[in-house]
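The structure appears right after this line, and notes come after that.
The values are calculated or read from the model by the stated rules, or taken from the named source; none is laboratory data. This structure is a prediction, so every number in the text was calculated from the model and none was measured. Here Cβ is always computed from backbone atoms with ideal geometry, including for glycine, and neighbour counts include all displayed protein chains.
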Amino acid sequence: MHGEKVGWSKSGVLAEYHQSMRLIIARYAHRGTASVKTPSSSRSFLTSTTSRAAQQVTGYTGSTPLYHHQPSGQLSFLDTPPVYSGSPTVLGTLSAQGNFQTNPSFVDLLHSVFSGVYLDDPHVRDLAVSRKSASADSYLHVLGARTKTQNISDRDPASIIFSFLAQSTTGLPVPDTYEPNPALRIYTPLDGFLVFPPSLHQALLRGCKVARNIEEDSMK
């Protein structure tokens, strides 16, 4: 992914993305999708592997579909083809043989989004309030589900998205305590794709749309 040569400056897009993303996410992550400019145009959902088509991934149970773009094999929550290979909006690449390769830039994006919204996220706040009146402040794990199993626990490090400190006196998440999980896996052969809690999924979807807008604006 790094050092890949394309017809225009990918490095310039990535530089602008990294400089702008946190500020933009802080502004838009809590808003509805109408607040974010989204590309219009007709979109192809053909099954042909020779066209730039988007097929919904069968069995994915997230709040919105997961799309498999052909012929690149890239997966994203957006139904339009990625602007470039390795875009932060791309979860990774699924080969014809069923092998999945995670895109590290997507993992960076999701943590940028979640670290910006976790204090007000309904799922996170529900977890935090469960620790109200506990004997001490404590760190809690935010877990994802899996497409092939519902039996996920905090003993499965691959499904822990992040951790945060819950304050025992207020039952609220504590600012600046977001800790990304380095062992997180977007996909495992045994349990399938990670399914995010619905409120976090919607924030991530908005973040993907913002990232795509930055990419498109950088190409103009």
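Could you please let me know if Thr177 is of a type in the set (Ser, Thr, Tyr) and without any contact (Cβ under 8 Å) to a residue 40 or more places away in the chain? It is true that Thr177 is of a type in the set (Ser, Thr, Tyr) and without any contact (Cβ under 8 Å) to a residue 40 or more places away in the chain. Looking across the stretch 150-201, the residues that are among the polar types (S, T, N, Q) and surrounded by fewer than 19 Cβ atoms within 10 Å (Cβ to Cβ) come down to Gln150, Asn151, Ser153, Ser163, Gln167, Ser168, Thr169, Thr170, Thr177, Asn181, Thr188, Ser199.
Among the residues making up the stretch 79-128, those that are modelled with pLDDT of 95 or more and of a type in the set (Phe, Trp, Tyr) are Phe100, Phe106, Phe114, Tyr118. Give the stretch 154-201 a look and list any residue that's polar (S, T, N, Q), closer than 18 Å to Leu127 by Cα and either out of contact with any Asp or Glu (no Cβ under 7 Å at 6 or more places or on another chain) or assigned to a helix (DSSP H, G or I) (or both), or say none. Within the stretch 154-201, Ser159, Thr169, Thr170, Thr177, Asn181, Ser199 qualify.
How many residues are over 19 Å from Val174 (Cβ atoms) and surrounded by fewer than 16 Cβ atoms within 10 Å (Cβ to Cβ) if we restrict to the stretch 103-128? Residues meeting the conditions: 2. Within the span defined as the stretch 38-54, every residue fails to be modelled with pLDDT of 90 or more and over 19 Å from Pro198 (Cα atoms). Taking the stretch 147-177 as the range and being under 18 Å from Phe114 (Cβ atoms) and either among the β-branched types (Val, Ile, Thr) or touching a Gly at 6+ places or on another chain (Cβ under 7 Å) (or both) as the test, the residues that pass are Ile152, Ser159, Ile160, Ile161, Val174, Thr177.
Filter the stretch 119-132 for residues that are of a type outside the set (Ser, Thr, Tyr), farther than 16 Å from Ile161 by Cβ and part of a loop (DSSP other than H, G, I, E, B) and give the result.
Step one: filter the stretch 119-132 for residues of a type outside the set (Ser, Thr, Tyr), giving 119-129, 131-132.
Still in the list and also farther than 16 Å from Ile161 by Cβ: 120, 129, 131-132.
If the condition is that a residue be of a type outside the set (Ser, Thr, Tyr), farther than 16 Å from Ile161 by Cβ and part of a loop (DSSP other than H, G, I, E, B), then Asp120, Arg131, Lys132 are the ones that fit.
Among the conditions (1) in a loop (DSSP other than H, G, I, E, B); (2) at pLDDT 95 or above, Ser135 misses just one, which is (2).
Could you say whether any residue in the stretch 140-147 is surrounded by fewer than 14 Cβ atoms within 10 Å (Cβ to Cβ), within 16 Å of the chain's Cα centre (by Cα), under 22 Å from Ala203 (Cβ atoms) and not β-branched (Val, Ile, Thr)? No, every residue in the stretch 140-147 fails to be surrounded by fewer than 14 Cβ atoms within 10 Å (Cβ to Cβ), within 16 Å of the chain's Cα centre (by Cα), under 22 Å from Ala203 (Cβ atoms) and not β-branched (Val, Ile, Thr).
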